[in-house]
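> Below you will find the structure I want to go over with you.
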Amino acid sequence: MSGRVVVRLFGPAREAAGAGTVELTLPAGATAGDAVAALAAAHPGIGSLLPRSRVAVNLEYVDRATPLRPGDEIAILPPVGGG
Amino acid sequence: MRTLYQITEAKIDVGALRDALADPGSGALAMFVGTTRNAFQGKEVRYLEYEAYGALAELEMERLGTEIATLWPSVTGIAIAHRVGRVEIGEASVAIAVSAPHRREALAACAHGIDRLKATLPVWKKEVFADGSAWRENVIEEDTHEGR
């Protein structure tokens with residue numbers, strides 16, 4: 001891909017970034033892992049959470065190698081605490 | 001199978017969950033209700049804040065319902081609700097109810113359900129103290145049915 005994606009942040013990741021939504025512009029061929037790396041560069045405060053977070057693209061859990069497409073909704077899901 | 005899945009800012013109505021599963025063929029209804037505690041390791045908690053990825057949380061509830069129906073085919077209904085937003089101490093933050101013809105399947109499926117919810121539901125919890133706050137991760141215990 002080359003283009004903009006929306007990254008949604010939740011819980012401690014949202015608080016660390018100070019925003020629930022971040023837009024990223026990524027180069028052609030970018031993967032979910034590239035989006036995570038770009039996010040870490042833009043918001044260093046989230047850095048320690050990212051290795052422990054799951055990533056979802058368009059409501060499906062993915063691994064970091066998954067390729068992205070323009071317009072994808074990426075979500076960063078830190079370890080959960082429901083209940 | 002009857003199902004009800006809710007992510008809600010309103011107080012959880014456990015009676016409504018029970019009513020949603022009313023079925024003359026079901027002789028058992030097991031329900032777990034998780035309520036918010038007033039302390040963490042001796043420190044007073046004033047209230048809690050829950051945050052969910054709502055669309056994914058509802059999908060996870062549906063997946064769990066399908067899993068329970070596969071593991072316990074006699075189950076006749078599943079209702080799950082999780083609060084989001086500010087939750088005062090002593091209020092229900094989560095509830096899961098399972099109905100079945102007999103108690104053993106209902107109890108086993110309910111225990112399995114709350115364990116899986118705590119492990120998989122995309123929900124985050126912040127404890128708010130008088131002097132700050134902390135995000136609290138669940139401790140995932142595989143293959144146990146100890147409530148937390």
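The values are calculated or read from the model by the stated rules, or taken from the named source; none is laboratory data. The structure presented is a predicted model; accordingly, all values stated were derived computationally and were not measured. Reconstructed Cβ throughout: ideal geometry from the backbone, glycine too, with neighbour counts over all protein chains shown.
> Please go through region B:116-142 and pick out each residue that is of a type in the set (Phe, Trp, Tyr) and either more than 7 Å from every other protein chain (Cβ to nearest Cβ) or touching a residue at least 12 places away in the same chain (Cβ under 8 Å) (or both).
The answer is B:124, B:129.
> Mind counting the residues in region A:68-83 that are under 30 Å from residue B:91 (Cα atoms) and in a loop (DSSP other than H, G, I, E, B)?
Number satisfying all stated conditions: 6.
> Let me ask something else about it. Could you grab me the full set of residues in region A:2-59 that are loosely packed, with under 15 Cβ neighbours inside 10 Å and in contact with a Lys or Arg (Cβ under 6 Å, 6 or more places away or on another chain)?
Residues satisfying the conditions are A:20, A:21, A:23, A:25.
> Let me ask something else about it. Please verify whether region B:92-101 includes one or more residues that are part of a helix (DSSP H, G or I), surrounded by fewer than 23 Cβ atoms within 10 Å (Cβ to Cβ), in contact with a strand residue (DSSP E or B) (Cβ under 9 Å, 6 or more places away or on another chain) and touching a residue at least 60 places away in the same chain (Cβ under 8 Å).
Checking region B:92-101: not a single residue is part of a helix (DSSP H, G or I), surrounded by fewer than 23 Cβ atoms within 10 Å (Cβ to Cβ), in contact with a strand residue (DSSP E or B) (Cβ under 9 Å, 6 or more places away or on another chain) and touching a residue at least 60 places away in the same chain (Cβ under 8 Å).
> Away from chain A (no Cβ under 14 Å), crowded, with 17+ Cβ neighbours inside 10 Å and either of a type in the set (Phe, Trp, Tyr) or not in a strand (DSSP E or B) (or both): is that true of residue B:26 in this structure? Talk me through it step by step, then tell me what you get.
Numbers: away from chain A (no Cβ under 14 Å): yes; crowded, with 17+ Cβ neighbours inside 10 Å: yes; either of a type in the set (Phe, Trp, Tyr) or not in a strand (DSSP E or B) (or both): yes.
When the stated conditions are applied, residue B:26 passes them.
> List every residue pair whose Cβ atoms sit under 6 Å apart, with the two residues 6 or more apart in sequence or on different chains, where the first one lies in region B:72-91 and is within 13 Å of residue B:50 (Cβ to Cβ) and the second, anywhere, is part of a loop (DSSP other than H, G, I, E, B) and acidic (Asp, Glu).
Hits for this filter: B:84/B:9; B:85/B:9.
> Considering only region A:46-67, I want to know if a residue exists there that is part of a strand (DSSP E or B), more than 12 Å from every other protein chain (Cβ to nearest Cβ), hydrophobic (A, V, I, L, M, F, W, C) and in contact (Cβ under 8 Å) with a residue 12 or more places away in the chain.
yes
So that you can scan it fast, the table gives a plain yes or no per residue for (1) modelled with pLDDT of 95 or more; (2) within 28 Å of residue B:73 (Cβ to Cβ):
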{"position": "B:90", "(1), (2)": "yes, no"}
{"position": "B:100", "(1), (2)": "yes, yes"}
{"position": "B:106", "(1), (2)": "yes, yes"}
{"position": "B:118", "(1), (2)": "yes, yes"}
{"position": "B:124", "(1), (2)": "yes, no"}
{"position": "B:127", "(1), (2)": "yes, no"}
{"position": "B:130", "(1), (2)": "no, no"}
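> Hey, could you check region A:1-21 for residues that are assigned to a strand (DSSP E or B) and within 21 Å of residue B:57 (Cβ to Cβ) and say which is nearest to the other protein chains (Cβ to nearest Cβ)?
Of everything passing the filter in region A:1-21, A:8 is nearest to the other protein chains (Cβ to nearest Cβ).
> Would region B:63-70 turn up any residue that is out of contact with any Cys (no Cβ under 8 Å at 6 or more places or on another chain), in contact (Cβ under 8 Å) with a residue 60 or more places away in the chain, assigned to a helix (DSSP H, G or I) and of a type outside the set (Asp, Glu)?
Yes, the conditions are met somewhere in region B:63-70.
> When the residues of region B:37-62 are filtered to those that are free of Cβ contacts under 8 Å to residues at least 24 places away in the same chain and either within 14 Å of chain A (Cβ to nearest Cβ) or within 14 Å of the chain's Cα centre (by Cα) (or both), which remaining residue is nearest to residue B:88 (Cα to Cα)?
B:55
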